[in-house]
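One structure below.
The values are calculated or read from the model by the stated rules, or taken from the named source; none is laboratory data. Owing to the predicted nature of the structure, the values given are computational and were not obtained by experimental measurement. Reconstructed Cβ throughout: ideal geometry from the backbone, glycine too, with neighbour counts over all protein chains shown.
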Amino acid sequence: MTEPNSERSRAKEEQPKPPEQAPETESRGMDYGYKPEDLTPERMAEVREAAARSRTESLQTLRDRFERPKDRADRLLFHSSRHSVGVGERTRDIAALQVSNADKAKMLETLTPEESEAAIERIQTNAEILALDHDRVNTSVIVEVEDPDAKHADGTPIMRKVRKRSLKPEEVEAREDRQKALEAKKAKVGALGGEALTPEEADFLENFKKVGISGTNETKSADESEAKLQEARGADGSPLFRKDGVSKDETFAATVPGWDKQNNTVEQIHLSAETSLTDRSIALSDLGEAGHDPDAYILAADPLLLEDYPDIEEAVRNPEKLDEQTKLNVAQRIVEWSKSQISFAEGRKARIEGYEKEVAGADGTKEKKIVSDLDGSDEDVKERMKAYFNKFDESIARARAVYEKRLALFSGEKSLDEAFEELRQLVLDNLEKYAEPV
């Protein structure tokens, strides 16, 4: 069976790599700048109330934009309120685990134990409410491409619909050139007797500004989120939320995906030893289902596939419109996607627990080193994080069971129509469960 043109989607596209991580240094601890007056019961009550309002606003925004949007093409089956709630909850957990023993000792130099706990709660709250907003801007366009491996009975190619959220830098110029040409063509229509735009050309112009270069959605999400949080003020007029010493330009940057060919999984190309506690917590949470919540990991797989490939959703909802070749093609892509969930979880496990990689040594020569997504953290933090992400093996086993069950449908004992009907019902059941309110 052919592998679907996804990987947890745009991550396989070539993206620039950041410099190799700097050598780790022993932490001297951070107190994060909280003072006793920031941690009084009155101030903490203000923080909690403002956080509850922010959470409500974030989830309402996600529901309006992606669960019931005006344009059906903007509806997202995976990147909904459920995904962001899960990321927020894990981020809150991870943020507390990321506060090292050295950090806690540093805090106790100027804070009481009760104040230190309150400071950690504020760190958690800052991270959680930002995490809920990490996908609040998620613009995309749907394009049709020929399937490279499948044709209809008459020899014409089977078409896929692919959701694109970002462009590689070299694609931007070509799109801009086409936009200018189509705008000129549009200007000649009517009184000038010009040729009318085709439906595809009109759609291209309408959606031209909806997709940008890699990282655009993350940057716009950060802009909206931080503007909102700046409005949250205490009774004395001071801000209730902050980024714990991280510049705005870094917000959500660590969540930008790339493809790790060595481990056959998604990496986060800007996550490094220097990434802040807040952004590291959000990034690790964003890809954290396989290691922490197997139920969520298994349930999310189908919604993500159908979000990235709208033609598959159309097929499972309207099987009567499919010819035999298209039905087989869709089934192959679903089954192969199920198989890819095994390697995705295996790769994420390697990136958390550590794997051997060739890196540049201090003298510029290449050397092999054990690296992980936890590099830059103190040893006590690494141990806590590995204990938190301790469900990889369960996720891998369950993903394998899903794949084998789906593959067995097409063993030859059932007709294609019977096997496809069972497969699509499995997928639709997952979509329905995933869409339940959170």
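Take the conditions (1) more than 20 Å from the chain's Cα centre (by Cα); (2) assigned to a loop (DSSP other than H, G, I, E, B); (3) of a type outside the set (Asp, Glu); (4) over 28 Å from Tyr309 (Cβ atoms); Lys369 misses just one of them, which is (2). Being surrounded by fewer than 22 Cβ atoms within 10 Å (Cβ to Cβ), assigned by TED's automatic domain parsing to the domain that holds Ile352 and of a type in the set (Val, Ile, Thr) holds for only one residue in Ile282, Ile312, Ile269, and it is Ile269. When Thr25, Thr61, Thr91, Thr110 are checked against the criterion of being crowded, with 20+ Cβ neighbours inside 10 Å and either in a loop (DSSP other than H, G, I, E, B) or modelled with pLDDT of 95 or more (or both), a single residue qualifies: Thr91.
Taken together, Ala296, Ala290 contain a single residue that is modelled with pLDDT of 95 or more, over 24 Å from Glu121 (Cα atoms), surrounded by 23 or more Cβ atoms within 10 Å (Cβ to Cβ) and among the small types (Gly, Ala, Ser), which is Ala290. Within the range 94-107, the set of residues being within 19 Å of Ser281 (Cβ to Cβ), part of a helix (DSSP H, G or I) and not polar (S, T, N, Q) comprises Ile94, Ala95, Ala96, Leu97, Ala102, Asp103, Lys104, Lys106, Met107. Restricting attention to the range 145-185, which residues are at pLDDT below 90, exposed (fewer than 12 other Cβ atoms within 10 Å of the Cβ) and either in the same structural domain as Leu287 (by TED's automatic domain parsing) or among the aliphatic types (A, V, I, L, M) (or both)? Across the range 145-185, the qualifying residues are Ala174, Ala181, Ala184. Of the helices (runs of 4 or more DSSP H) contained entirely in the range 258-314, those carrying at least 1 residues that are over 17 Å from the mean Cα position of the chain (by Cα) fall at 277-286, 294-308.
The lone criterion from (1) within 26 Å of the chain's Cα centre (by Cα); (2) within 26 Å of Glu314 (Cβ to Cβ) left unmet by Glu421 is number (1). When the range 119-139 is filtered for residues that are more than 30 Å from Lys106 (Cβ to Cβ) and either among the charged types (D, E, K, R) or not assigned by TED's automatic domain parsing to the domain that holds Pro239 (or both), the ones remaining, listed by number, are Asp135, Arg136.
Looking at the range 94-108, is at least one residue acidic (Asp, Glu) and within 21 Å of Ile312 (Cβ to Cβ)? Within the range 94-108, not a single residue is acidic (Asp, Glu) and within 21 Å of Ile312 (Cβ to Cβ).
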